[in-house]
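Notes to accompany the following structure.
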Amino acid sequence: MIGEKMLTIKNLAATVGDKIILHDLNLTVKAGEVHAIMGPNGSGKSTLGNVLAGREGYTATAGTVEFLDHNLFALSTEERARKGLFLSFQYPIEIPGVTNIYFLRAAVNAVRKSRGDEPYDAMDFIKLIKEKAKFLHMDEGFLYRDVNKGFSGGEKKRNEILQLLLLEPKLAILDEIDSGLDIDALKIISDGINQLRRSDRAIILVTHYQRLLDHVIPDYVHVLSKGKIVKSGGPELAKELEQTGYAGL
Amino acid sequence: MKTETWKYTNIKKWLERDYQTIDSYAPIIDYNELPEGVIICPLADASKQADIPSPYPLPQALEGKLKEQGFFIYIPKNVVLKNPIYITDIAAQLDDPTVLPARFQILLEENSVATIVHKFEANDANHYWRRQVTEINLAPNAQLNYYQDQNEAPTSLHTHYIAVQQGRDSQFNSFTLDNGGGIVRTDLHTKLHDVNATCHLNGLYLVKNKQHVDNHTIIEHLAPHTQSSEHYKGIVADQARAVFNGRIYVAPHAQKVVSEQHNENLLLSKQAEIDTKPELEIYADDVQCAHGATVGQLDRDAIFYMTTRGIDEELAKQLLTYGFAHEMLNSISHDEIRALFNTQLLTWFSNNQELEDLLP
Ligand SMILES: Nc1ncnc2c1ncn2[C@@H]1O[C@H](COP(=O)(O)OP(=O)(O)OP(=O)(O)O)[C@@H](O)[C@H]1O
Ligand SMILES: [Mg+2]
């Protein structure tokens, strides 16, 4: 419920290869909140997402991360996902040979199974997914193509949101979900995100643009620069940044 | 035994054995509604064509003693078979070691069309050597779809020499699925003798444990305007080894030949090994020949992506591996055969319950 702890990052440092990318990073996110993280290119926003999701090659070297009641780093990537962590990729991965709808059903059923819910059979799943695809104005054809393969940038982002809607995570980290979207798509995707805003769920939006934040109004805005959070504020901070840029920080 | 073509496949210990033989050879041959004039009979009853000798070495003890048995399949002029002919060869209840020499002769007359599925299986048989020879003759404008489903015992030796002669406008489409066997060596040799003869050779080898699977193909373009395409994919796991050797020969006068060869491999372990080699011998100058071979591993980014969605790492790997192999099955136009091969593909995975539940 509102105010319950969702994610607590304390003094996090992380390396990619042997390069230190994040350091002294602190961030607390509570249930019911929407946080936006902004910041210059290369400041470490995607690295943070990758560290939280447990990507190979991204190593936390100091600090702690608590997710719900768990020590995040004690969990495998799939366990994190099953406990409700979702990362939407800045550059979603193409998976040749794996049909989207089987991938999606495998994901949804893996998460359901870990919660003790019955897995969906093929028929029920098709019904569910068609409804979600329709909500996102996604052609059903995308369900039967290989995962993200040959999808345009915007189509990939829609496929990410489709997964978000299906998996109903507790904490969603959406890395530049708005990049490369046209106005209509931005509206559709924002509606999808807003639909998920709930008192027992939290969302972190990584973005460069105010226009997403006009649709999905955040509770907090943070600026990540050179691997740490250097400024935090309310929605007005994003508007301010749009005027002044990051130069003054 | 030319040593170069046997560089990677060693059957020496099989040549030193003292073999049992069997008296009767009775594969199960299944078909539906055979049109009039089609002949399927033991070779002994057929007026035989010229035999080609098996190119495989023979154990000395068997010299002069090996009695080949086999079948003759004849499709008359203008006959189009609607349903496939299924040949199921089961190595059953054999004493160790046994040699199983068998020969098929397949003749398609002008304008005829047939589909043949040859299945090799084992039941309570261990150390046996299946020595198969298949001779195929395609008259002008005949079309044969030839499928092999090799599922031999993991302790066996399987050698199969397939020699194809193709007349004008004929088409030979083959699909070789290797899903079993201990040591497996298939030589598929097709000769495109006259204009517009076409062959499409496809294959999928699924190799694990200590299996060794060797596919040697030779396509000879002996006339102008002949076409060939070849696509083999392989998955090699554990300490298994696979060999792909694709030779393409274009005769000096065989202008306007179009030929394409692809071999793609997925290595699933550090100890697994693949030796892939195209051999292009092109003596005509106005030809289009393309070839490519790849050896890769599972994509770590794709595995990561799937696990961020809650999918088990093992299932993620299976999905990728299955996807890689399954793409090959799309070239099979016959639904029933594609389903059969898909089932075979699924059985290759140990612990495949989740994968099976997921797929249609
Ligand atoms: N896999 C990697 N290999 C090498 N360097 C990396 C890798 N991932 C990130 N980096 C480096 O880490 C730094 C931070 O990159 P990151 O992708 O986190 O930035 P970002 O804030 O998301 O930038 P953008 O706004 O452009 O998406 C950059 O200098 C980048 O080059
Ligand atoms: Mg980024």
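The values are calculated or read from the model by the stated rules, or taken from the named source; none is laboratory data. This one's a predicted model, so the numbers in the text were calculated from it and none came from an experiment. Neighbour counts run over all protein chains shown; Cβ positions are idealised from the backbone, glycine included. We work out accessible area using only protein heavy atoms, side chains counted, and drop any ligands, DNA or RNA first. Shrake-Rupley method; radii C 1.70, N 1.55, O 1.52, S 1.80 Å.
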### Task
Go through B:322-331, A:156-165 and give me the packing order, highest mean Cβ count within 10 Å leading.
A:156-165, B:322-331
### Query
What does the highest-first list of A:54-67, B:34-47 look like by mean Cβ count within 10 Å?
A:54-67, B:34-47
### Query
Can you list the lysines whose alpha carbon is less than 18 Å from that of B:Lys270, not counting same-chain residues fewer than 8 positions off?
B:Lys208, B:Lys210, B:Lys317
### Query
Can you give the direction-averaged projected area of the convex hull of the alpha-carbon atoms in the stretch A:5-244, in nm²?
12.6 nm²
### At R0 = 41 Å, FRET efficiency that the Cβ-Cβ distance of B:Glu68 and A:Lys130 yields, to 0.05
0.10
#### Entry: Options B:Ser24, B:Ala44, B:Trp14, ranked by Cα towards positive dipole end of the stretch B:1-74, top entry (Cβ charges)
B:Trp14
### Query
Once you charge only the Cβ atoms, +1 for Lys and Arg and -1 for Asp and Glu, what is the size of the charge dipole of the stretch A:107-221 about its Cα centre, to the nearest 20 debye?
180 debye
### Query
What shape does the protein assembly as shown have by the C-alpha gyration tensor, where a ≥ b ≥ c are the square roots of the eigenvalues, rounded means a/c under 1.5, and otherwise prolate means a/b greater than b/c and oblate the rest?
prolate
### Backbone HN-Hα couplings from phi across the stretch B:31-38 [Karplus 6.51/-1.76/1.60, Hz, Gly and Pro as x]
7, 10, 6, 7, x, 4, x, 6
### Message
How big is the stretch B:299-360 along each principal axis, measuring the range of its Cα positions in Å and listing the largest first?
### Response
37, 21, 17
### Task
Enter the accessible area of A:Glu236 (Å², nearest 10), with the probe set to 1.4 Å and all protein chains included.
110 Å²
### Task
Tally up the carbon and sulfur contribution to the accessible surface of chain A as a whole percent, 1.4 Å probe, everything protein left in place.
50 percent
### Message
Just checking the output field for A:118-128: average partner chain Cβ neighbours within 10 Å of each residue's Cβ?
### Response
1
## Note on the structure
For A:Met123 the rounded accessible area (nearest 10 Å², probe 1.4 Å, non-protein molecules ignored) is 140 Å²
### Query
Relative to a virtual label point 7 Å from the Cα of B:Gln93 in the Cα→beta-carbon direction, which members of the stretch B:8-30 show backbone nitrogen distances below 20 Å?
B:20-29
### Task
Would you mind calculating the gained length between B:Ala44 and B:Glu279 on full extension (0.36 nm times residue separation, minus the Cα-Cα distance), in nm to one decimal?
80.8 nm
## Note on the structure
Yeah, the stretch B:1-115 with a ≥ b ≥ c from its alpha-carbon gyration tensor (a/c under 1.5 is rounded, else prolate when a/b outruns b/c, oblate otherwise) is prolate
### Query
Which whole number gives the average, over all residues in A:77-84, of C-beta atoms from other chains lying within 10 Å of the residue C-beta?
5
## Note on the structure
The distance between the Cα centres of the stretch B:151-208 and the stretch B:1-77, in whole Å, is 15 Å
### Query
What is the packing order of peptides A:195-201, B:96-102, taking the mean over residues of other C-beta atoms within 10 Å and listing the highest first?
B:96-102, A:195-201
### Message
Could you give each residue of the stretch B:55-68 its phi-based ³J(HN,Hα) in whole Hz, using Karplus coefficients 6.51, -1.76, 1.60 with θ = phi - 60°, and x for Gly or Pro?
### Response
x, 7, x, 10, x, 4, 4, 9, 3, x, 10, 7, 9, 7
### Message
Treating only the Cβ of Lys, Arg, Asp and Glu as charged (+1, +1, -1, -1), what charge dipole size does the protein assembly as shown show about its Cα centre? Round to the nearest 20 debye.
### Response
1520 debye
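Assuming a ≥ b ≥ c are the square roots of the Cα gyration tensor eigenvalues, decide whether chain B counts as rounded (a/c under 1.5), prolate (otherwise, with a/b larger than b/c) or oblate.
Numbers: a/c = 1.44, a/b = 1.19, b/c = 1.21.
Rounded.
So what is the relative contact order for the stretch A:1-82, in percent, with contacts set as C-alpha pairs under 8 Å and at least six apart?
Computed over the stretch A:1-82, the figure is 36 percent.
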### Query
How far is helix A:153-167 tilted, in degrees, relative to the longest principal axis of the Cα atoms in chain A, given as a value from 0 to 90 rounded to the nearest 10?
80 degrees
### Task
Express in whole angstrom the spacing between the alpha-carbon centres of the stretch A:1-75 and the stretch A:139-181.
22 Å
## Note on the structure
Restricting to lysines and to Cα separations under 20 Å from A:Lys127, and discarding same-chain partners fewer than 8 apart, the set is A:Lys113
#### Entry: Spatially proximal lysines relative to A:Lys226 (Cα-Cα < 18 Å; intrachain offsets below 8 disregarded)
A:Lys10, A:Lys19, A:Lys45
### Message
If you take the accessible area of A alone plus B alone and subtract the pair, what total do you get in square angstrom, rounded to 100, with a 1.4 Å probe?
### Response
2200 Å²
### Label-point separation, A:Asn11 to B:Glu16 (7 Å along Cα→Cβ), nm
6.8 nm
#### Entry: Estimated distance in nm for a label pair at A:Asn41 and A:Glu4, the labels positioned 7 Å out from Cα along Cα-to-Cβ
4.1 nm
#### Entry: Ratio Rg/Rh [Cα only; Rh per Kirkwood] for the stretch A:1-143
1.01
### Message
Considering only protein heavy atoms and a probe of 1.4 Å, how much of the accessible area of chain B is carbon and sulfur, as a whole percent?
### Response
45 percent
### Query
On average, how many beta carbons from a partner chain sit within 10 Å of the beta carbon of a residue in A:91-103?
6
### Task
For chain A, find the longest principal axis of its Cα atoms and tell me its angle to the long axis of helix A:183-196, 0 to 90°, nearest 10.
90 degrees
